[in-house]
Structures are given as C-alpha cells and as structure tokens.
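First the structure, in the form of structure tokens, and then the observations on it.
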Amino acid sequence: MIEIISVPVERQGLHDITHQVAQLLDEAAWGEGLCTLFVQHTSASLLIQENYDATARHDLEAWLNRLVPENDALYTHTLEGADDMPAHIKAALTATNLAIPIIDNKLALGTWQGLFLWEHRKSGGRRKIIVHLGP
Amino acid sequence: MIEIISVPVERQGLHDITHQVAQLLDEAAWGEGLCTLFVQHTSASLLIQENYDATARHDLEAWLNRLVPENDALYTHTLEGADDMPAHIKAALTATNLAIPIIDNKLALGTWQGLFLWEHRKSGGRRKIIVHLGP
Amino acid sequence: MIEIISVPVERQGLHDITHQVAQLLDEAAWGEGLCTLFVQHTSASLLIQENYDATARHDLEAWLNRLVPENDALYTHTLEGADDMPAHIKAALTATNLAIPIIDNKLALGTWQGLFLWEHRKSGGRRKIIVHLGP
C-alpha cells in the first residue's frame, strides 16, 4: 500500500509528523509489517529524534546551522538563494528515507522517539512524503 | 517476522552486532529477502563499517567526538548530562535504521562490512533493536 | 527479486546511477512496491540529491572534503593511503542503503531527485550495489 502525505512547512527546522503518520497507520490496520517513508525533495529530510524536550530539537537545529552556514565562500551554487546550498548539504548528511517496523497496527517507535520532517529552506510551502506499507 | 534483540552496552562507541544478527538469520532460514534493523533510541545509532581493522573504528569515534564535543556553549539542553546533547546530534547524523538484503539465508554484507550499534552515551545499559525480516 | 549492479568509478565523487536503476525497474515491470539499494563497501555510499545543477553536486563534494580532510593528525589508521580514513568517515556520515517506493513500474523520485553512488576513494575501480525489489 502506498499513500502520499503532504506536510505544510512554514519555517526552517523540525516539523513533527508522528501523529499524521500514526493516523494513517490507524486507518490502514496493517497488523505487522514495515512502514517506509520517503521525502521527494533534496532540501528537506526525515528524522527520528527526541519527542519530549523541545530544547534538544532547538540545539540540534542550531548546531547544524552552525556546521553548514549560509554564505560560505566555498559555495559556487548561489543563484537559488543563500539557504539553498546549505539545504542540499544538510539533506545529504541526514535521511531521505526511514523504515519503521509496524507491530499491532502501530509504528514501533521507542518511548522517546518522534518522527520529524526537517525543512532546510526558509521559504516554506508544502513537502510530499510517500508512505509505503509492506509485509 | 519481527524479533527484538537486546544489546548490552558498557561504554560509548561501536559495538559489533554482526554475529548476533547473523545468528537470528541462521535460525530463521529466511532464504531471500530484506532484513531491516531499527534502534528504538535517540542517542544510539546503527552503522555498517569496516569490520577488520580496529584503528579505523577508533579514528571514526575520535573524529565524531571532536566534531560534536561535550560542553559546547551552543547547548541549552544540558540537564541530562554533558554527553546527552552530543548523543542526540550524533544520532541525527547517523542511521536509526538499516536495510540489508538477505541472500541464501545470510546477510548480503560485503567482505569488509560489519554491523555495529553505535552507543553515544557513556552510561551503558541495554539497547533494543527491532529486526524485521521481509520478502 | 534481487539483482546486483556493478558501477565503474573512475574518480572520487558522485556518480549518477539513476538511469541504470531505472532500466532495471523497466525490465522488472514491478508495478508497485519498494526498491532497496545496498552498497557492499565501507568507503562509498548512496545518495539522493539534486539531479539538475552540477554546481550543487560540486559544492557538496567540496564541502565534505573540507569537513573530512586527508592527513588529519587525529588519524591512526593511515596504512591504506591518505584517502582511506576520510573515506570511512564520509561513508559513516552518509547512507549505505536507500529505499525508494515504486509506483507504476518506476522509482517514485521527486522531480529534482537523482540517485548517486558517492565514491570516497580516489583509486577508482568497480563498486557493487545490491538492488532488492519487494512488495
């Protein structure tokens, strides 16, 4: 089974999509299997991270922004905006796809794991994620 | 088929789990398919790396520890210990899940590839990895 | 279904394999499902990235080469050449496997997404990628 979900992003950073994917799983009543997520963009990524303390996510975003700054003299790909090349690098360092086992109709996430879309551009818009449910 | 394996970790760094997963595959006699591993924690990750020369693994750990040091002035998430925020960042830069093809009942790893749990905390304990075998 | 593809690499950096994998999909006529790629090496990785503007790929390679330079005083694993330890680190920071949904017999890549083998050594040769097609 394949579904496409669309995630509105209004800013750079982590967007919690745990509930949206969990709801899709609830409706599918898939039993046991594997849920694969795939983001169809090269300047956004998928991440499983701490779902509880927002300061951990804040520090993670700040750390990556410092590691991959805008306006680095190294960049030659600059026509699409100062946040474009850092976005491609950040996407390359993180995940385009995730696979999470399904047990009893639910994502088998650990207690502190949430599911996030990590938007690396500042412009906002909508991002498409393909959700594949397999046996 | 879904199994959960528990890995004892006694220190920060790479823990070889190749044998433990291979044994599970031996018992399953799965033929051909796909083995997906998923670690249920946000401060540990999964890695496929050089299985032969321990100096390569040592350098990899040392390099990441230097890139993501403890007590960085940037961190605001500090209540859970000096190794906690670096652990979340290291986990975000590495993999929460891996998928390895199964051929003739075995993981189709390359000659020099080993399978590791990468513990990013110093405290030790046990880590849970879900192993999913699919067609 | 499992197939092994062999990719000739003549230099360090990104090698576009989109067409090679798409051709395999065309021949398989798989309908709907999941395509998993697994690279059997510890100094090469798999990447989904911008397929259009070569400057983005150039900057990505240059940025990672600067982050993980050769001849770092930290390295103790130096017997296999100056590009060997950086190659292991780069492989650990990027992906050994990718999973891409299949819709209507085709990889469900986004408009700007290409599929690349990222060779981290300079010596060249051939790299083996296992392609698994699942339901």
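The values are calculated or read from the model by the stated rules, or taken from the named source; none is laboratory data. Worth saying up front: this structure is predicted, and the values here are computed from it rather than measured. Every residue, glycine among them, receives a Cβ derived from its backbone with ideal geometry; neighbour counts consider all protein chains shown.
List of remarks:
- Residue within segment C:93-108 that is acidic (Asp, Glu) and either surrounded by 16 or more Cβ atoms within 10 Å (Cβ to Cβ) or within 20 Å of A:HIS88 (Cα to Cα) (or both) present: no
- Scope segment B:49-69; condition at pLDDT below 95 and either buried (at least 19 other Cβ atoms within 10 Å of the Cβ) or facing another protein chain (nearest Cβ under 8 Å) (or both); matching residues: B:GLU50, B:ASN51, B:ASP53
- Filter pass, A:HIS41 being more than 18 Å from B:THR42 (Cβ to Cβ), crowded, with 17+ Cβ neighbours inside 10 Å, in contact with a strand residue (DSSP E or B) (Cβ under 7 Å, 6 or more places away or on another chain) and not hydroxyl-bearing (Ser, Thr, Tyr): yes
- Extreme residue, nearest to the chain's Cα centre (by Cα), among residues of segment B:116-127 that are under 16 Å from B:ILE4 (Cβ atoms) and crowded, with 21+ Cβ neighbours inside 10 Å: B:LEU117
- Yes/no for B:ALA82 being in contact with an Asp or Glu (Cβ under 8 Å, 6 or more places away or on another chain) and either in a loop (DSSP other than H, G, I, E, B) or touching a residue at least 60 places away in the same chain (Cβ under 8 Å) (or both): yes
- The residues on offer are C:GLU27, C:GLU32, C:GLU119, and the sole one that is within 14 Å of chain A (Cβ to nearest Cβ), farther than 18 Å from B:ARG57 by Cα and acidic (Asp, Glu) is C:GLU32.
- Screening segment A:20-31 for residues that are free of Cβ contacts under 8 Å to residues at least 40 places away in the same chain and surrounded by 11 or more Cβ atoms within 10 Å (Cβ to Cβ) and picking the one that is farthest from A:LEU46 (Cα to Cα) gives A:GLN23.
- For segment B:1-39, a residue qualifies if it is of a type outside the set (A, V, I, L, M, F, W, C) and either assigned to a helix (DSSP H, G or I) or over 29 Å from C:PRO86 (Cα atoms) (or both), and the qualifying residues are B:GLU3, B:SER6, B:PRO8, B:THR18, B:HIS19, B:GLN20, B:GLN23, B:ASP26, B:GLU27, B:GLY31, B:GLU32, B:GLY33.
- Test: C:ASP16 is modelled with pLDDT of 95 or more, over 22 Å from B:ALA95 (Cα atoms) and out of contact with any Asp or Glu (no Cβ under 7 Å at 6 or more places or on another chain): yes
- Flag if C:LEU46 is within 14 Å of chain A (Cβ to nearest Cβ), in a loop (DSSP other than H, G, I, E, B) and hydrophobic (A, V, I, L, M, F, W, C): no
- Summed over segment A:87-104, residues that are in contact with a helix residue (DSSP H, G or I) (Cβ under 8 Å, 6 or more places away or on another chain) and touching a residue at least 24 places away in the same chain (Cβ under 8 Å) total 5.
One line per residue, one yes/no per condition, for (1) small (Gly, Ala, Ser); (2) in contact with a Pro (Cβ under 6 Å, 6 or more places away or on another chain); (3) under 19 Å from A:ALA95 (Cβ atoms):
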position	(1), (2), (3)
B:GLN12	no, no, no
B:LEU25	no, no, no
B:PHE38	no, yes, yes
B:ALA44	yes, no, yes
B:ARG66	no, no, no
B:PRO69	no, no, no
B:ALA73	yes, no, no
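- For C:ARG11, the requirement of being touching a residue at least 40 places away in the same chain (Cβ under 8 Å), among the basic types (Lys, Arg) and more than 22 Å from A:VAL39 (Cα to Cα) is met.
- Selection from segment A:6-19 of residues that are over 15 Å from A:LYS128 (Cα atoms) and surrounded by fewer than 14 Cβ atoms within 10 Å (Cβ to Cβ): A:ARG11, A:HIS19
- A:ILE130 vs. criteria in contact with a Cys (Cβ under 6 Å, 6 or more places away or on another chain), buried (at least 18 other Cβ atoms within 10 Å of the Cβ), part of a strand (DSSP E or B) and within 7 Å of another protein chain (Cβ to nearest Cβ): no
- Hits in segment C:84-106 - residues which are more than 10 Å from chain A (Cβ to nearest Cβ) and either among the aliphatic types (A, V, I, L, M) or within 18 Å of A:HIS132 (Cα to Cα) (or both): C:MET85, C:ALA87, C:ILE89, C:ALA91, C:ALA92, C:ASP104, C:ASN105, C:LYS106
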